[in-house]
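The values are calculated or read from the model by the stated rules, or taken from the named source; none is laboratory data. Predicted, not measured: the structure shown is a model, and the values here were computed from it. Cβ placement follows ideal geometry from the backbone for every residue including glycine, while neighbour counts extend to all protein chains displayed. Just the protein is used for accessible areas: all its heavy atoms, side chains included, with ligands, DNA and RNA removed. Shrake-Rupley method; radii C 1.70, N 1.55, O 1.52, S 1.80 Å.
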Amino acid sequence: EAQNVVEGLYKDLERRIIASPPGLCPVDLTAAFLKMCHAQTCGKCVPCRIGLAQLSNLLEDILNGKGTMKHLTMLEETARVIESTADCAIGYTAAQMVLKGLDGFKEDFMEHILHNRCRSNLDQPVPCVALCPAGVDIPGYIALTGEGRYADAVRLIRKDNPFPTACALVCEHPCESRCRRNMLDNSINIRGIKRVAVDMAGYVPAPVCPPSTGKRIAIIGGGPSGLSAAYYLQLMGHQTTVFEKRKKLGGMLLYGIPSYRLPRERLQDDINVILETGVEVRLETSVGNDPGQLSLDELRKEYDAIYIAIGAHSDKKIGIEGEDAGGVISAVEFLRAIGDGKYPDLTGKKVCVIGGGNVAMDVARSSVRLGADKVAVAYRRRKADMTALPEEVESAMAEGVEIMELYAPERIEADEDGQVKALW
């Protein structure tokens, strides 16, 4: 019975670690983990029984303002002795943890010793907010959605992110990995709650812009970054003009995410609200030094400031033989064509996708929709190691995509005409 209780405590501890917020004092965290390791020792080994206790005492002195530089030296020397003499993994891994801390955040130890204070941020945000790349007030819009105030929830999201609809559909929701609900069972469906808010709210107009400041700003690139900058600058009273080289706004939201994941009309809903603020747009306008392009010097003469948001539209090469053969196409090029409405006919063809990220899943699932006879994803590690979201991998498999684990391509074979002829 006692062992069952201990196992339950282990699970409770694991959930608390998962739900812990970023910004905790690393020295305090090291001391806490060290005490936990000390409690797990069998007591038969002197380095564990005595040594870990001494490490804990040294750390407590440092945290309590009694530490000196000699404490730091003794901490390192004691940990190295324990690392090389402990009989089991509990002892030497605990010592290694201390040594890694001394190597990784020695400045935090020094701050406690010399100034008796912690360098970490005392104003710790809620874990989900801290992990949101846009810093959206997640608890706020969850509460508003729960009260049925959907339009207010959307307005609160737009305070930090002008693409609530797009993120409700395609966000990778890192916020859920540290959700406080993990301390009880599992994280709540934060992205799903955001989608409820945007679906139920419908059209929510943009805020009223303040009087003009008279400043004009040129924004090069009409993707998420450029449009976000334009939106918030307009709300500050500055007049912005977005220069986009392609036919449509949206950037990689349009040219990098298939429409089955992010319907074009839903993306346009977000863009329309941004344009409501008075953003001027010049499509199919390139900025550069080539003939026919608008130069930066011309923009500098006409505008008070320039914001460059050209995105990351270049593909990555694998670096293997045959990657330039006919029939080999990069994911960026493939999805960009789809974004422009140029759907390749893959009827009856076999498609092999190299990679295991979300983009690879987008290409594989798009190929299925374009009529491919067989689609396989070749990945050099295991399926569990794929960087794609688990739900994306499972959805691809449910649609008939074959996952080829532990396959690292050496070369791409081509025939005498330079066309791919590899078989699997």
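What the table below lists for this structure:
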quantity: Some residue of the range 171-180 being within 19 Å of GLN268 (Cα to Cα), modelled with pLDDT of 95 or more, of a type outside the set (D, E, K, R) and open to solvent by less than 40 Å² (accessible area, probe 1.4 Å); calculated: no
quantity: Pairs with Cβ under 6 Å, 6+ apart, first in the range 83-99 and within 15 Å of CYS42 (Cβ to Cβ), second open to solvent by 60 Å² or more (accessible area, probe 1.4 Å) and among the polar types (S, T, N, Q); calculated: ILE90/GLN40
quantity: Flag for GLU147 being at pLDDT below 95 and open to solvent by 60 Å² or more (accessible area, probe 1.4 Å); calculated: no
quantity: Residue match in the range 273-281 (condition: surrounded by 17 or more Cβ atoms within 10 Å (Cβ to Cβ), among the β-branched types (Val, Ile, Thr) and in a loop (DSSP other than H, G, I, E, B)); calculated: yes
quantity: Those residues of the range 394-413 which are in a loop (DSSP other than H, G, I, E, B) and either under 14 Å from VAL368 (Cα atoms) or open to solvent by 80 Å² or more (accessible area, probe 1.4 Å) (or both), in sequence order; calculated: GLU399, GLY400, VAL401, GLU405, LEU406, TYR407, GLU410
quantity: Some residue of the range 93-106 being under 27 Å from CYS175 (Cα atoms), part of a helix (DSSP H, G or I) and open to solvent by less than 30 Å² (accessible area, probe 1.4 Å); calculated: yes
quantity: Top-ranked residue of the range 74-90 - restricted to ones that are at pLDDT 85 or above and among the small types (Gly, Ala, Ser), ranked as nearest to ASP28 (Cα to Cα); calculated: ALA79
quantity: Count of the range 348-371 residues which are buried (at least 19 other Cβ atoms within 10 Å of the Cβ), in contact with a helix residue (DSSP H, G or I) (Cβ under 9 Å, 6 or more places away or on another chain) and not in a helix (DSSP H, G or I); calculated: 5
quantity: Test for PRO211: is it under 22 Å from ASN272 (Cβ atoms) and either part of a loop (DSSP other than H, G, I, E, B) or at pLDDT below 90 (or both); calculated: no
quantity: Search result, residues across the range 222-254 that are part of a loop (DSSP other than H, G, I, E, B), within 23 Å of ILE157 (Cα to Cα) and in contact with a Gly (Cβ under 8 Å, 6 or more places away or on another chain); calculated: GLY222, GLY223, LEU249, GLY250, GLY251
quantity: Some residue of the range 131-144 being without any contact (Cβ under 8 Å) to a residue 12 or more places away in the chain and either in contact with a Cys (Cβ under 7 Å, 6 or more places away or on another chain) or surrounded by fewer than 23 Cβ atoms within 10 Å (Cβ to Cβ) (or both); calculated: yes
quantity: Pair list, Cβ < 8 Å and 6+ apart or interchain, from the range 34-45 residues that are at pLDDT 80 or above to residues that are part of a loop (DSSP other than H, G, I, E, B) and among the small types (Gly, Ala, Ser); calculated: CYS45/ALA86
